[in-house]
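Asks: Just passing along the structure, written as structure tokens.
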Amino acid sequence: MEKIAIDLRYAENINSGLTRFSKNIFLNLIKEKSLKNHRFLIILPPKKSAKHLTEFTNLKNNNLVFYNWATRRNWRWKLGLYYIDIPLYFLLMKQRVHVYITPFMDCPILPNIKIISTIHDLTFLKVKGFFKNFDFLKKIFGELRIISTILLSNYIITVSESTKEELKKRFKYFPNFQYKKILDILIVNNGITDFKIEKGDFDFLSKDLPNYFFLYVGDRRPHKNLEYLIDITKSLRNKLSKNINLIIAGSNSYKNESLQKIINANRDFIIEYINPRDKELYSLYKNCKCFFLLSKSEGFGIPVIEAGVEKCKIVINSIPALKEIAPKNSLIINCESIYEDSIKIIDYLGNANRPDPKTIINRFRWQKSAKILSEFLLKIC
């Protein structure tokens, strides 16, 4: 009976996509019947930073061992010293761990232990200005982090075929025996989050929303292309002679000053929802006239499938990751001409059918992704 370690130290932020991925994949993985004879070591952040992870500690399973790390991620991570994690290595040796899984790309040197790392996307390498300070230097450091992850890991997970293809192109200079890891990457998609809505919540949350609004969900980094979305909304307000609002929902932890100035100058139609809870997000999806994600780069794009499940009309930018996951009946635009894209959107809003939730749920279920990972673990254990 082999032991599998799952490192959740990166799942500190309750609102991050990484935390959502970690929680849903690994909760479902632990429940997989095919792994009932395997033991798990769950490495958690410090107790103060792990209150949102009680779904793990509440599990009644004799094959689970929990360990709360003493400190949050600190300067050692920032300086790239996560490779040399002696306390982690001793913990894994003491617990007789055979396989170590991290939901992120930074993995330590762990002799005699099989390492599975996750690379979500390469956006931070491709997009100019992704990092607010020392962007060029941080991109060099990021490239080295990806390279070290590939070299140190035995196996790699990505969340989309698109990210896998980007890795194949970017690191084709690798020696054959290392490049084979990229060719054999396991694709484990993100899934649908089940919004837990109490009876009556929907009406209560909906009453203060505008009658006609577009919706964006995500952060405010430059590659999200929110300036273009704001311009599109302005154009459609004029062409349709309608009081169309734009709701920007999500984290504002990335302080995009130039974007904030544009938002402040257009308060007559832009509304901000900072860090919405699940039930608020559900209400926004349910009420919006159309959902937009016009990013210049993505590894996946969870809000697209969440919006599709709630039968939103969806407009996306024509990039590989978004086209890969876009529900049927989505509109794909090139984000090159406000005029041409506005005409396409007007036609789409008036004529297109809405997505079919069942099709999306069948394709993107956390249980399905966990099943793919469990079958892979059985092969290598």
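Values in this text are rule-based calculations from the coordinates and carry no lab data. This is a predicted model, so every value here is computed, not measured. Cβ placement follows ideal geometry from the backbone for every residue including glycine, while neighbour counts extend to all protein chains displayed.
Asks: Please tell me which of these pairs span more than 23 angstrom C-alpha to C-alpha: Lys289/Lys358; Lys168/Lys323; Lys47/Lys114?
Replies: Going by Cα-Cα distance, Lys47/Lys114 fall outside the 23 Å limit.
Asks: Restricting to Cα pairs below 8 Å that are 6+ residues apart, what does the relative contact order work out to for the chain? Please round to a whole percent.
Replies: Relative CO of the chain lands at 16 percent.
Asks: Take the Cβ-Cβ distance between Lys169 and Lys279 as r, set R0 to 35 Å, and report the resulting FRET efficiency rounded to the nearest 0.05.
Replies: For R0 = 35 Å, the calculated efficiency reads 0.30.
Asks: Excluding Glu310 itself, what net charge comes from residues whose Cβ is under 10 Å from its Cβ, given Lys and Arg +1 and Asp and Glu -1?
Replies: +2
Asks: Testing the spin-label approximation: label points 7 Å from Cα along Cα→Cβ at Asn68 and Glu272. State their distance in nm.
Replies: 3.4 nm
Asks: Additional query: In the stretch 12-158, with Lys and Arg counted as +1 and Asp and Glu as -1 at Cβ, which of these residues, Thr54, Leu125, Ala70, has the Cα nearest the positive end of the dipole, that is, farthest along it?
Replies: Thr54
Asks: Say each of Asn211 and Lys371 gets a label point 7 Å from the Cα, pointing the same way as Cα to Cβ; how far apart are those two points in nm?
Replies: My value for the distance between the label points is 4.6 nm.
Asks: What value, in deg cm²/dmol to 500, does the helix sum -39500 (n - 2.57) over DSSP H runs of n ≥ 4 give at 222 nm once divided by the residues of the chain?
Replies: Theoretical 222 nm ellipticity from helices: -12000 deg cm²/dmol.
Asks: Past the 24 Å Cα-Cα mark, which pairs from Lys224/Lys261; Lys313/Lys371; Lys126/Lys181? Intermediate results must be reported in sequence, preceding the final value.
Replies: On the way: Lys224/Lys261 16 Å; Lys313/Lys371 30 Å; Lys126/Lys181 22 Å.
With Cα atoms farther than 24 Å apart: Lys313/Lys371.
Asks: Within the stretch 209-246, list the residues whose amide N lies under 14 Å from a label point set 7 Å along Cα→Cβ of Lys126.
Replies: Inside the label zone: 223-225.
Asks: Assuming R0 = 30 Å, can you tell me the calculated FRET efficiency for the pair Lys48 and Asp135, based on Cβ-Cβ distance, to the nearest 0.05?
Replies: In this case the efficiency is close to 0.40.
Asks: What is the spin-label model distance, in nm, from Asn353 to Leu91 if the labels are put 7 Å beyond Cα along the C-beta direction?
Replies: Output for this residue pair reads 5.1 nm.
Asks: Kindly write out, for the stretch 61-68 in residue order, the coupling ³J(HN,Hα) from the Karplus curve 6.51 cos²θ - 1.76 cosθ + 1.60 (θ = phi - 60°), rounded to whole Hz, with x marking Gly and Pro.
Replies: So the Karplus estimates, Gly and Pro as x, are 8, 5, 8, 9, 10, 10, 9, 8 Hz.
Asks: Any chance you could tell me what percent of the C-alpha pair distances in the stretch 201-363 go past 30 Å? Walk me through the intermediate numbers first.
Replies: Working: 1077 of 13203 pairs.
So the portion of pairs separated by more than 30 Å is 8 percent.
Asks: Cut-off is 10 Å between beta-carbons; in what order do Phe171, Phe90, Phe40 appear when sorted fewest neighbours first?
Replies: Fewest-to-most ranking of Phe171, Phe90, Phe40: Phe90, Phe171, Phe40.
Asks: Also, I was wondering about something else. From Cα pairs below 8 angstrom and at least 6 apart in sequence, can you work out the relative contact order of the stretch 201-363, rounded to a whole percent?
Replies: RCO, the stretch 201-363: 23 percent.
Asks: Quick check for me: using +1 on Lys/Arg Cβ and -1 on Asp/Glu Cβ, what's the dipole size of the chain about its Cα centre, in debye to the nearest 20?
Replies: It comes to approximately 840 debye.
Asks: Let me ask you something else. Taking every alpha carbon pair in the chain, what does the distance histogram look like in 20 angstrom bins from 0, in percent?
Replies: Percent of pairs per bin, in order: 26, 57, 17, 0.
Asks: Just going by the charge dipole of the chain, with Lys and Arg at +1 and Asp and Glu at -1 on Cβ, which of Pro222, Ile116, Asn256 is farthest out on the positive end?
Replies: So the residue we want is Ile116.
Asks: Further question on the same structure: With r as the distance between the Cβ atoms of Ile332 and Lys286 and R0 = 25 Å, compute the FRET efficiency 1/(1 + (r/R0)^6) and round to 0.05.
Replies: Step by step, r from the Cβ atoms, then E = 0.60.
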